Each structure stands twice: as C-alpha cells, then as structure tokens.
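Worksheet for the structure shown next.
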Amino acid sequence: MDRLRNGWRLLWTKALAGAIFVGRLFTVLLAVPIVWGARAVNGLRRRLARPAPRVPARARPRVLLIGGTINHTTQVEQIAAELPECETVFTWYYGDQPLELMRRLRWLESTALGGKLRARCLRYLQDRNLPLDLGGTRGDYDLAVTCSDLAIPENIRGRPIVLVQEGMTDPEDLIFHIIKRLRLPPWLATTSSTTGLSHAYQRFCVASDGYRELFIGKGVPAEKIVVTGIPNFDDCGRFLKNDFPHRGYVLVCSSDIRETARWEDRPGFIRKVQAIAAGRPVIWKVHPNENVARARAELGRLAPGALLLDGGSAEEMIANCDVLITQYSSTAYVGLALGKEVHSFFDVAELARLCPIQNGRTSARRIADVCRQLLGLPMLAPSPERHRTEPALPRT
C-alpha cells in the first residue's frame with residue numbers, strides 16, 4: 001500500500017511540475033509578438049523624438065539607489081554611504097507598463113514589485129530616515145544603482161546604470177535559453193537565472209571571479225563585469241558575534257520556489273531534512289516571500305518537533321548551527337564562508353568555487369569607486385570611516 005501511495009504521489013508531483021512549466025512557457029511564447037511589436041513602436045518613437053536635453057554638470061551628482069528585497073535594499077544603502085560627495089536618493093523596486101498594470105492586478109505579489117515586499121522595503125527606508133523618490137519620478141539622475149536588472153524602467157534608461165549582484169542566481173532552464181536567444185525581457189523568466197541579460201547597464205559588480213566566469217557564460221560582455229565582492233556577503237565572520245539563543249542544531253533555509261511559479265516537492269524535502277538531522281534539533285527559517293501558514297502546516301504534519309521561524313537574522317542562525325540545509329538560497333555562501341557542513345540543491349563544490357570574496361567589508365567602497373569612474377569623479381582615499389555603515393540585519 002505504501003508503495004502504491006508513493007507511486008501516486010510521484011506521478012502527481014511530476015504532472016504538477018510539468019503543468020507549471022508549460023504555463024511559464026506559454027506565457028513567454030505569448031509575449032514574443034507583443035514584445036517585438038512594442039520594440040518596433042518604441043524604435044519609431046525614439047527616431048521621431050527630439051534629443052533629450054543634456055543634464056548640466058552638478059556640484060553633487062544625483063544617484064538613484066533602487067531597493068527591492070531587504071537584501072537589495074541593505075546593499076544599496078551601504079553603497080550610498082560610500083558616496084558622500086553625491087546626492088543619494090532611494091526608491092523601492094519599480095517598472096514600466098505592462099509590469100505596473102500586472103502589479104496593480106496583484107499578479108506580482110511574489111516578486112519585489114509586489115505589495116508585501118514593497119511595503120517591507122519602504123518601512124526599512126523610512127526607519128533608516130533615508131531620502132526617498134519612489135519610482136524615480138524626479139528624474140534627471142546622473143547614475144542609478146540596482147541589484148536586479150530583470151526590470152529596467154524607462155526613466156533610467158539612457159543614464160549610466162551600475163548593476164550589483166544580489167546573491168545566488170537560479171538554475172538555467174529552457175525558458176532561460178528562449179529569453180536569451182530571442183532577447184525577451186528578463187522578467188519573463190520569473191527567476192533570477194536571467195540576471196544580466198537586460199544589457200542596459202554600463203557596469204556589473206559581481207561577487208567573485210567564479211561568478212565573473214558564470215555571467216560571461218550567460219552572455220554578459222566581459223568588459224562590463226567588475227569583481228568587487230557584494231556588501232552583504234563579504235565579511236561573514238562578523239555574524240559569529242550574536243545573541244541568537246540556540247546552538248548546535250540543523251538549520252534549514254528554504255526558498256520561495258512555489259511562490260515564484262515553480263514546482264517543489266516540499267514533503268519530500270522535509271523527509272530529506274529529517275534524514276540529515278538524524279534526531280538532532282531542527283530550526284526551519286522560511287524565506288521572507290514564502291507562504292508561512294502553508295509552511296507551518298506542512299512542518300507540523302511531517303516534522304512536528306522542528307522550530308519554524310519567520311523572522312530574525314538567517315546569518316546569525318547560520319553562525320550558531322552545526323549543519324546548514326538550503327534549496328536555492330544565497331545563505332549557503334554564509335555557511336561555506338563559516339566552514340559549516342552545507343547541503344544545497346546546487347552542487348556544493350560549484351558553490352565553493354562561486355563563493356563571494358571575503359574582503360573585510362570593503363565591497364561597498366569598491367562599488368562606489370566604480371560609480372565614481374562612470375560619473376567622472378576622483379577617487380577618495382580609503383579611511384576607516386568610509387566603510388563602516390551598519391545596515392540593519394534583515395529581521396523579516
């Protein structure tokens with residue numbers, strides 16, 4: 001009977017995975033004529049339009065920093081702190097039509113454009129008393145910095161853009177290759193696998209030499225890539241000093257797979273976690289974008305002894321754990337940098353090759369210097385005060 005039940009469960013999950021993939025593929029193929037038609041119209045409009053007036057040189061260049069997830073937002077905050085000679089202004093993640101229409105219809109709730117993540121970003125920016133220009137409506141920025149190029153709004157196109165790697169990228173699939181070959185908007189993938197494929201930026205600051213090779217393989221021009229490290233992953237040792245009360249457990253950092261229109265066998269993953277834990281205590285940190293009620297119900301049914309947390313600093317939890325189990329989470333890099341036993345849906349040896357460089361929290365300064373090069377500003381001499389901005393740890 002158990003064999004029959006397991007066979008039926010496997011058949012059902014495979015069918016569900018296939019249905020979700022077919023739906024994503026249909027959406028991408030449906031977008032092809034729409035995108036090509038829009039490109040033709042926009043090309044004609046640009047040819048007929050008058051040249052944009054030149055922005056006069058300013059004593060303090062204006063830089064727009066685009067947040068999104070808390071990871072995005074805390075990274076651009078640190079970069080802004082390294083640009084004291086510039087007027088830095090912040091916004092939540094935003095896009096043009098049709099993305100704005102889809103957002104209003106609440107079709108993008110699982111993304112950085114959705115209401116939940118937007119509200120979290122805005123709350124963080126307001127709590128830190130950072131200057132705001134939501135949607136970049138003031139315009140005339142001399143430079144924009146973003147951690148995701150899946151959507152590049154029209155009001156920053158034509159201006160210098162610095163793209164900063166946010167963390168781990170999702171695996172490539174058939175949809176990635178269709179989008180790359182047909183040069184479709186990267187957001188159609190609904191995953192971060194297409195990071196870098198907008199080609200709308202002047203520089204792409206990445207985490208390591210390994211990632212430089214990976215993005216070149218995706219089709220990013222080598223001359224645009226600068227290995228700077230990334231601010232939230234460049235000094236993982238600092239998380240060892242924390243007040244998280246637990247020690248000596250197996251930590252799970254799950255991903256928002258189902259929330260981003262992909263299939264996941266969560267019951268099977270929970271059983272795998274139980275096997276690795278082998279009786280040791282389990283703490284389960286859900287992704288900020290996950291459906292917490294569903295995750296709690298599944299865990300209560302299949303692993304009732306596990307402690308589920310939907311807030312707190314995942315990095316501090318990793319610092320205190322014995323074993324880290326992830327799916328597609330960038331937190332795997334924190335575990336590797338701290339010498340933990342790490343399990344991931346990715347090949348762990350490959351993750352070790354890609355692991356962000358540990359440069360003592362100087363990544364934000366290095367990215368700021370890339371911004372200065374594009375703005376034609378002189379480099380500032382390093383000083384202890386220049387890279388000590390302390391972002392609030394994500395406690396989502």
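The values are calculated or read from the model by the stated rules, or taken from the named source; none is laboratory data. As the structure is a computational prediction, the values presented were derived from the model and not from experiment. Note: ideal-geometry Cβ built from the backbone for every residue, glycine included; neighbour counts use all protein chains shown. Protein only, heavy atoms only, side chains kept; ligands, DNA and RNA dropped before computing areas. Shrake-Rupley method; radii C 1.70, N 1.55, O 1.52, S 1.80 Å.
Seen from all directions on average, the chain presents a Cα convex hull projection of 20.8 nm². For GLY196, the residues whose amide H sits under 5 Å from its own are ASP149, ignoring neighbours fewer than 5 places away on the same chain, with H placed 1.01 Å from N. What is the helix-to-structure angle for 363-375, meaning the angle in degrees between its Cα long axis and the longest Cα principal axis of the chain, kept from 0 to 90 and rounded to the nearest 10? Here the helix axis deviates by roughly 30 degrees.
Here the Karplus relation 6.51 cos²θ - 1.76 cosθ + 1.60, evaluated at θ = phi - 60°, turns the backbone of segment 110-126 into coupling constants of 8, 10, 5, 7, x, x, 5, 6, 5, 5, 5, 4, 4, 4, 5, 4, 5 Hz, with x for every Gly and Pro. The 3J(HN,Hα) values that the Karplus relation (6.51, -1.76, 1.60; θ = phi - 60°) gives for segment 351-362 are, in residue order, 4, 4, 5, 8, 3, x, 5, 9, 10, x, 6, 10 Hz. Gly and Pro appear as x.
What is the percent carbon and sulfur in the accessible area of the chain, measuring with a 1.4 Å probe over the protein chains and ignoring ligands? Kindly include the intermediate steps, with their values, before the conclusion.
Values: 10800 of 18710 Å².
Here it works out to 58 percent.
How far is helix 292-302 tilted off the main Cα axis of the chain, in degrees rounded to 10, range 0 to 90? Result, in degrees: 20. Once you mark the trypsin sites (Lys or Arg not before Pro) that are in a DSSP loop and have at most 14 other Cβ atoms within 10 Å, what is the longest gap between them in the chain? Counting only loop sites that pass the neighbour cut-off, the longest clear stretch is 248-387. Modelled label positions at LYS14 and LEU132, each set 7 Å beyond Cα in the direction of Cβ, lie 5.1 nm from each other. For segment 280-285, 3J(HN,Hα) computed residue by residue from phi via the Karplus equation (6.51, -1.76, 1.60; θ = phi - 60°) reads 6, x, 10, 10, 10, 9 Hz, glycine and proline entered as x.
Rolled with a 1.4 Å probe across the full set of protein chains, the surface gives LEU101 an accessible area near 90 Å². Ligands, DNA and RNA are left out, and with a 1.4 angstrom probe the accessible area of segment 50-154 is 46 Å² per residue.
Measuring only protein heavy atoms, the 1.4 Å probe finds MET379 accessible over about 90 Å².
Please compute the per residue accessible area over segment 169-326 with all protein chains in place, 1.4 Å probe, rounded to a whole number of Å².
Numbers: 6090 Å² over 158 residues.
Ligands and nucleic acids excluded, the result is 39 Å² per residue.
Size of segment 188-245: Rg and Dmax of its alpha carbons, in Å, are 14.9, 46.
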